[in-house]
1. Could you check segment 94-103 and list, in sequence order, the residues that are open to solvent by 10 Å² or more (accessible area, probe 1.4 Å), in contact with a helix residue (DSSP H, G or I) (Cβ under 7 Å, 6 or more places away or on another chain) and of a type outside the set (D, E, K, R)?
2. Residues of segment 33-62 being surrounded by 14 or more Cβ atoms within 10 Å (Cβ to Cβ) and in a helix (DSSP H, G or I), which ones?
3. At least 2 residues that are closer than 25 Å to residue 103 by Cα and without any contact (Cβ under 8 Å) to a residue 60 or more places away in the chain in each: list the helices (runs of 4 or more DSSP H) lying fully within segment 159-224 that qualify.
4. Taking residue 97 and the conditions (1) in a loop (DSSP other than H, G, I, E, B); (2) farther than 24 Å from residue 129 by Cβ, which numbered condition does it fall short on, given that it satisfies the others?
Amino acid sequence: MTKVGSAHSVGAAERQPGERIRVAVWASDPITRTGLTELLLGRAEVFVATDRFPSDVDVLVFAADGVTPEVMANMRKAAAESAAPAVLVARQLERSALMRAVECRVVAVLHRNTATGERLMEAIRIAADGGGALPTNLLGELLRQVENLHREVLEPRGLNSAGFTAREIDVLRLLAEGWDTEEIGKKLCYSERTVKNIIYAMTSRLNLRNRPQLVAYGLRVGVI
């Protein structure tokens with residue numbers, strides 16, 4: 001299994017050093033859920049939530065034979081209700097489902113036949129710390145799919161991997177520096193109306209309420 005980066009966790013709440021990792025478990029059958037829950041309850045560093053998709057956990061754990069439409073629907077539901085990263089334990093993961101799983105915040109994947117208690121805990125710790133862990137073959141496939149997405153979807157639309165055009169990034173960076181729309185227009189040789197339209201297009205597309213949220217988003221995705 002290959003570890004992929006390490007950054008601060010994007011879970012729903014801050015976890016203090018030494019604090020137990022809060023985990024929620026979902027499984028495609030009750031026997032598996034009970035088994036995983038009992039396994040994790042025996043770990044001193046973990047607190048297991050009783051709700052299926054609580055919003056205040058650090059890591060979600062999903063277990064299933066395969067990523068069926070039902071499993072994917074539950075993963076999407078969890079991603080909508082919690083900002084926590086997810087660990088997926090599956091007997092098989094079709095390549096076509098890999099990107100959809102990542103979109104549901106899956107950051108670590110374990111093969112069900114080799115998912116020992118220690119390996120599961122390692123994946124949970126990595127996820128809680130903001131990292132990722134994928135089998136080597138899945139990591140290569142994910143990178144290939146990301147490359148295809150960029151080449152076939154983003155580039156033809158003039159977008160970068162964060163979903164911004166070069167013109168939008170220019171406006172966003174000046175906005176972050178405190179320039180108003182009239183000043184940005186003069187700097188970039190646009191009309192003020194054009195600058196306002198560019199800002200409106202970004203906030204609408206990203207479902208953001210105002211310019212400060214737009215600047216904050218730009219900082220998070222690294223375009224500023």
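The values are calculated or read from the model by the stated rules, or taken from the named source; none is laboratory data. Everything numeric in this text was worked out from a predicted model, so none of it was measured. Every residue, glycine among them, receives a Cβ derived from its backbone with ideal geometry; neighbour counts consider all protein chains shown. Protein only, heavy atoms only, side chains kept; ligands, DNA and RNA dropped before computing areas. Shrake-Rupley method; radii C 1.70, N 1.55, O 1.52, S 1.80 Å.
1. Of everything in segment 94-103, those that are open to solvent by 10 Å² or more (accessible area, probe 1.4 Å), in contact with a helix residue (DSSP H, G or I) (Cβ under 7 Å, 6 or more places away or on another chain) and of a type outside the set (D, E, K, R) turn out to be 99, 102.
2. 33, 35, 36, 37, 39, 40
3. Correct list: 166-176, 192-205, 211-221.
4. Unmet condition: (1).
Here's the yes/no breakdown for (1) within 21 Å of residue 47 (Cα to Cα); (2) at pLDDT 75 or above:
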residue	(1), (2)
79	yes, yes
104	no, yes
116	yes, yes
124	yes, yes
132	yes, yes
135	no, no
141	no, no
160	no, no
